[in-house]
Each structure stands twice: as C-alpha cells, then as structure tokens.
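Enquirer: Below you will find the structure I want to go over with you.
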Amino acid sequence: DTEVTQTPKHLVMGMTNKKSLKCEQHMGHRAMYWYKQKAKKPPELMFVYSYEKLSINESVPSRFSPECPNSSLLNLHLHALQPEDSALYLCASSQDPTALDTEAFFGQGTRLTVV
Amino acid sequence: AQSVSQHNHHVILSEAASLELGCNYSYGGTVNLFWYVQYPGQHLQLLLKYFSGDPLVKGIKGFEAEFIKSKFSFNLRKPSVQWSDTAEYFCAVTPGTGFQKLVFGTGTRLLVSP
C-alpha cells in the first residue's frame, strides 16, 4: 500500500465555518506534511510533522491548525478562512525525516473553496 | 534559502518529439533532487530521484535526468514523448542532510499534440 488518502476530495465552506481536512497513510512513514497549491502554482510547504511532533511551521496563519493524532493520521483544522485560502491542499508522507535518501508520497488533495 | 528555477513554463510538442525540461537550483550543499509529474486531476507522482552516485538517473515511463553539479542543474529528458505525457512537471530539491523541506520549482506545463 503506497497510498496517501485524503478526505474530503472537495470542500466548500463559509468564512465563519469550522472544518477539518484528513489525511491517512499506512506505509509506516514517520514524517507527514501539509502543502498548499494555488492554481497554476507549485505546492508550498505549510507544516511538517516528524514522529508526530510539529517540526516545521512555515509561518502559516493561525486559522490553519494542524494535528497529528498518531503516526498514520494528519488533520488540518480550518477556522475563519478567507476566500484567498481557496486552494488544493495536499498531504504527503515520507519514511523518515532524518534519512538521507527518501521520497515523499502525495495524496490527491482536497480542493477547498471558501465562500 | 533554497530556490528552484524551471525556465520553461509552457512547452508544446508533437508526439514523438524529444523533450528536455530545464531545472536549476540554488543551494550550496549536498542536495537530493526530484522530478514529480501531475497529470490532470491526479496526484503528484514521482518520476525519478537523485541522491548520489551515477548522475544520469532513469525513471518511470522512459524519463531520465542528468545531474550536473557544476551547473546546479537537473534537467529532465525523454527521447520521444507521447500524448499521455501531457501534464505538469515539477522539479524539487531537498537538502542532502535530511528530508524535511521539499522545495518545488514553478512547474512546466507540457502539452503533447497527437
């Protein structure tokens, strides 16, 4: 199983809503990532979890709140988002954040629209 | 800070034409290099990767890339493209000291006409 599964695939939310994006992997990977991809742009790193601990926060606004309940799951809690937060949110995982030769596996993403 | 440049933003080729997509990075230390492909409506998939050793690496679907350290480049090549290669291609870099921050280039949108 080399899949990273993200739910939901599509999400429309209002600016006062609270929603969560979910990501799951069963490859035994110990690093998990959230990326944001705007239309016609490359993915941009948001957060990195290493062994279930937040190791990198790329100065992401607090209206995005990540959570890693266990080594297989990664959530992104959303609250009071703005229309400009509309994007494709990608989850990824990799085997070991300290390994010198590893690669990231990406999910299909959640396409988020904030209205 | 690391950065990755892909100079070709849009490429249009006919089937059977040869492909070369440029990628340059700015990072002084050891790097790991990747090419990812994003087919329309699909997730990012790894085409190939370079960690060390032979600078000419072969990937899936007939793609290859050459790491030229002196030029800070990692260009992607394919001798003969197919219509199914229509996709967006991203070069990406992470420091060779550990996989944490994968930095992507701006992407090249390839359109192959039948």
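Enquirer: Among A:S62, A:V48, A:P83, whose Cα lies farthest out toward the positive end of the dipole of the range A:37-115, if unit charges sit on the beta carbon of Lys, Arg (+1) and Asp, Glu (-1)?
Expert: A:P83
Enquirer: Could you list A:M46, A:M27, A:M13, A:M32 so that the one with the fewest beta carbons within 10 Å of its beta carbon is first and the one with the most is last?
Expert: Details: A:M46 20, A:M27 14, A:M13 17, A:M32 26.
Least to most surrounded, the residues fall as A:M27, A:M13, A:M46, A:M32.
Enquirer: Using 0.36 nm per residue of separation minus the Cα-Cα distance, give me the extension gain between A:R63 and A:T113 in nm, one decimal. Let's see the in-between values first.
Expert: Details: separation 50, 0.36 × 50 = 18.00 nm, distance 1.50 nm.
Gain on extension, A:R63 to A:T113, equals 16.5 nm.
Enquirer: Modelled label-to-label distance, B:R109 and B:Q82, 7 Å Cα→beta-carbon offset: nm?
Expert: Modelled inter-label distance: 2.4 nm.
Enquirer: Taking the Cα centre of each part, how many Å lie between the range B:20-57 and the range A:27-79?
Expert: Here the answer is 22 Å between Cα centres.
Enquirer: Translational D (Stokes-Einstein, µm²/s) of chain B at 37 °C and 0.692 mPa s when Rh comes from the Kirkwood sum over C-alpha pairs?
Expert: 232
Enquirer: Determine the sum of side-chain charges near A:P69: Lys and Arg each +1, Asp and Glu each -1, restricted to other residues whose C-beta is under 13 angstrom from that of A:P69.
Expert: Counting the neighbours of A:P69, the net charge comes to -1.
Enquirer: Still on this structure, I have one more. Counting partner chain Cβ atoms within 10 Å of every residue's Cβ in A:30-39, what's the average?
Expert: Counting Cβ atoms of other protein chains within 10 Å of each residue's Cβ and averaging gives 1.
Enquirer: Ok, one more. Which percentage, to the nearest 5, of the DSSP beta bridges contained in chain B is antiparallel?
Expert: Bridges in chain B are about 85 percent antiparallel.
Enquirer: What whole-number volume per residue, in cubic angstrom, does the convex hull of the C-alpha atoms of the protein assembly as shown give? Please report the intermediate quantities before stating the final value.
Expert: Values: hull volume 27.8 nm³, N = 229.
It is 122 Å³ per residue.
Enquirer: Also, quick follow-up: Check the straight Cα-Cα distances from A:K53 and name the lysines below 16 Å, setting aside those fewer than 8 residues away within the same chain.
Expert: Excluding near neighbours in sequence, the set is B:K101.
Enquirer: Using the Cβ atoms and a cut-off under 14 Å, what net charge is assigned to the surroundings of A:V114, where Lys and Arg are +1 and Asp and Glu are -1? Could the numbers behind the result be given before it?
Expert: On the way: positive: A:K18, A:K19, A:K36, A:K38, A:R63, A:R111; negative: A:E84, A:D85.
Residues close to A:V114 contribute a combined charge of +4.
Enquirer: So, one more: Based on the alpha carbon coordinates of chain A, what radius of gyration and maximum Cα-Cα distance (Dmax) apply, in Å?
Expert: When restricted to Cα atoms, chain A yields Rg and Dmax of 13.4, 43 Å.
Enquirer: Then there is this: So, R0 is 22 Å and r is the distance between the beta-carbons of A:H26 and A:L54; what FRET efficiency does that work out to, to 0.05? Mind dumping the intermediate values first?
Expert: Details: r = 21 Å, r/R0 = 0.98.
E(calc), rounded to 0.05, equals 0.55.
Enquirer: How much length, in nm to one decimal, is gained on full extension between A:N70 and A:K38, taken as 0.36 nm per residue of separation minus their Cα-Cα distance?
Expert: So the chain would gain 8.7 nm between A:N70 and A:K38.
Enquirer: Top mean-square fluctuation among B:G59, B:G28, B:G41, Gaussian network model of chain B, C-alpha springs under 10 Å?
Expert: B:G41
Enquirer: While we're on this one: Can you give me the long-range amide H partners of B:C23? Hydrogens built in the peptide plane at 1.01 Å from N, cutoff under 5 Å, separation of 5 or more residues or another chain.
Expert: B:F74, B:N75, B:L76
Enquirer: Apply the a/c threshold of 1.5 to the C-alpha gyration tensor of the range A:56-115 and tell me whether it is rounded, prolate or oblate. Before the final figure, lay out the partial values.
Expert: Working: a/c = 2.22, a/b = 1.86, b/c = 1.19.
Here the range A:56-115 falls in the prolate category.
Enquirer: Give, rounded to the nearest 20 debye, the magnitude of the charge dipole that the range B:47-114 has about its Cα centre when Lys and Arg contribute +1 at Cβ and Asp and Glu contribute -1 at Cβ. Walk me through the numbers before you get to the answer.
Expert: On the way: 9 positive and 5 negative charges, 20 e Å.
In total the dipole reaches around 100 debye.
Enquirer: Among residues other than B:E64 whose Cβ falls under 15 Å from its Cβ, what is the net charge (Lys/Arg +1, Asp/Glu -1)?
Expert: So the surrounding residues net to +1.
Enquirer: Here is a follow-up. Counting Lys and Arg as +1 and Asp and Glu as -1, each charge on the Cβ, what is the dipole of chain A about the Cα centre in debye, to the nearest 20?
Expert: 560
Enquirer: Per residue of B:100-109, how many C-beta atoms from partner chains lie within 10 Å of its own C-beta, taken as a mean?
Expert: 5
Enquirer: Scan around A:I56 for amide H atoms under 5 Å from its own, H built in the peptide plane at 1.01 Å from N, and keep only partners 5 or more places away or cross-chain.
Expert: A:V48
Enquirer: Which are the unpartnered cysteines of chain A, meaning those with no other cysteine Cβ under 4.7 Å from their Cβ?
Expert: A:C68
Enquirer: Where is the GNM fluctuation largest for chain B (alpha-carbon springs, 10 angstrom cutoff): B:T30, B:T94, B:T86?
Expert: B:T30
Since every read-out is calculated from the coordinates, none of them should be taken as a lab result. Small disclaimer: the values here were computed from a predicted structure and weren't measured. For neighbour counting, all protein chains shown are included, and Cβ atoms are generated from backbone atoms with ideal geometry for every residue, glycine included.
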